[in-house]
Amino acid sequence: MNVADEHSRWNEDLAAFAVGALDSEETVAFADHLAHCDQCRGELHRLAPAVELLPASVEQLAPPPALKSRLLEAIAADQETNVSGAAAAGQAGVGGRVRRAGAATSRAARVPLRERLRGWHVPALPAALAAAALAAAFAIGFAVRGDDGGGGTAVPRTTVPVVATAAAGRAPVRAQLISDAGNWHLDVTRLPRAGFGRVYQAWVMRRGRDVEPSTVFVLARDGSSTVAIPQSLAQGDQVLVTEEPAGGSAAPTTRPLLSATV
Amino acid sequence: MTLVEGGEARALEVLYDRHGGAAYSLAHRIMGDRQAAEDVTQEAFVSIWRSGGRYDAMRGSVRSWVLAIVRNRGIDALRRASSRSSLDYDDDGALEAQPAEERTDSSVLRNERARVVRGAMAELPRDQSQALGLAYFGGFTHREIADMLDVPLGTIKGRMRLGLEKMRTSMDEAI
C-alpha cells in the first residue's frame, strides 16, 4: 500500500473519529496516526465546528433549579471529604483519601444496637469459619499471619481476612484488615466506586455493644484505599464497611459490603 | 476555569450557570429522560470539579469542552444500561418527548441558535443526519450503525463525512 492509499484509508475514518463513532482500538490507532499526519489534523480542524454544532442543535431546556442545588451540595460534600481526608491521612500516617468520622457520626454511639442493625444480617465470623469463608464465592480472604515474618525487634503485625458479603455482588474486591503495633487499618482494592454522592464508611461492632462509626473514605482512581481504623480492636470485634451518603452517616443506612472479625 | 482548577466552588457554580442549560439539554437529548438527564448533568459537572477543570484552551471553547464531557457521561450511562437494543434507540423521538413546561423564556436565545443549527441539520439528507445522530447522540460505533441499518460500513463512513462537510458549508454560508 503506497502512502496515498494509506492516507486515504485513515481519511475515510476521519468523520467517524470526529463524532466518536470509532471503537476504542480504532480510536487509539487513529489518534496515533493524527499525531504525525498534518493533513488529517488539518481536515479534523476544518470539520470541528460542524461537530460542535451537533450538541447545539438540540432544543434548549431549562434545567430544574433543584439540579443546581444538588450539584452544589455534592461539591460541598466532596470538598469536605477531601479536606478532612487529607488531615486524617496525615494524622494516621497512611495513604488514601481518608476521613475520620466526625462529630455527627459520634452520636451514633447512642443509638441502640438493634435499631442501628435493622435490616442487617451480619453473622459474626468466628475464627473457625474464616477458612470456610475464604473458600466461598464471595470470600476475599488472605493468609492470616501472627507477625510480619521477621525476627528480633520486628513490630507485631496481624492480618485479618475480610469477607465480602452478598451485598457486594460479584465485585472482585480484595481487602485485609491489618494491625501494625496495635494501629489498625483496612487495605481495600478493586472495590467498585461508590454511587454518585456517596462514600464508604467503616464501622466497628463489638459484642453486646453499639455499632461505632469509624472512618469515612473514598477510593483512589484505581479503586483502592488505605483506611485508618482509629478504634482499638479486641478479639471478636467486627469491622464492617457500608456505602453511605457523602459525609457519612450517624448510623448505618445500608447493608454491609465487607466484614472482618478480629 | 483557573478558579475551578483552584478548587473554587463558586467558580464551578458560575460554570454551571453559563453552561448548565446546554449541558442538561444535551443530556436530555441523549438520555431521552428527565431524571437520567439530571443525573448525567450532575455527574459531568462533578467530574469537572474532581478533575480540577482540566480545560485546554487550545482544543476549543469551554462550552464545547463541557458538552463533550456531558456527551461522554451520557454515552457511558447508555452503555451501562446496555440491555438497550440498538433498534430501540429513537433517533427522532427525544425532542418531541420533552415536556412543554421545561421550555422557558430564558432558553429562547439559545433556542434561536439551536433552531438555525437544526435548520442546517434538517437540510441534510435523512441518511446523513441519521448516521450522525446515531453516532453522536446514540453512542453507536460506525460498525454498529452499519449493522443496524444493514448497509456497508463504507456507506456509513461516507454518510458521516458528507453530513459533516455539508454542515460545515452551511455554517460558512450563514456567516
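Of the chymotrypsin sites (Phe, Trp or Tyr not before Pro) found in the stretch B:15-45, no site is in coil according to DSSP while having at most 12 other Cβ atoms within 10 Å of its Cβ. For A:Glu73 and B:Ser61, the FRET efficiency from 1/(1 + (r/R0)^6), where r spans their Cβ atoms and R0 equals 22 Å, is about 0.20.
Close amide H pairs (under 5 Å, H built 1.01 Å from N) link A:Leu257 with A:Val241, A:Thr242, A:Glu243, residues at least 5 positions away or on another chain. Rounded to whole numbers, the Karplus 3J(HN,Hα) couplings from phi for the stretch B:69-75 are 5, 4, 4, 4, 5, x, 5 Hz, using 6.51 cos²θ - 1.76 cosθ + 1.60 with θ = phi - 60°, and x at Gly and Pro.
Rg/Rh for the stretch A:183-246 (Cα atoms only, Rh after Kirkwood) is 0.99. Arranged from fewest to most other beta-carbon atoms within 10 Å of their beta carbon, B:His28, A:His45 become A:His45, B:His28. Database remark: amide H of B:Gly32 closer than 5 angstrom to no amide H (H placed geometrically; neighbours at sequence offset of 5 or more, or on other chains; Pro and chain starts carry no H). For the pair A:Arg193 and A:Val28, a Förster radius of 25 Å applied to the C-beta separation gives a FRET efficiency near 0.55, rounded to the nearest 0.05.
All of the numbers you see were taken from the coordinates with simple rules; none came from a lab. Everything numeric in this text was worked out from a predicted model, so none of it was measured. As a convention, Cβ positions derive from the backbone with ideal geometry for all residues, glycine included, and neighbour counts pool all protein chains shown.
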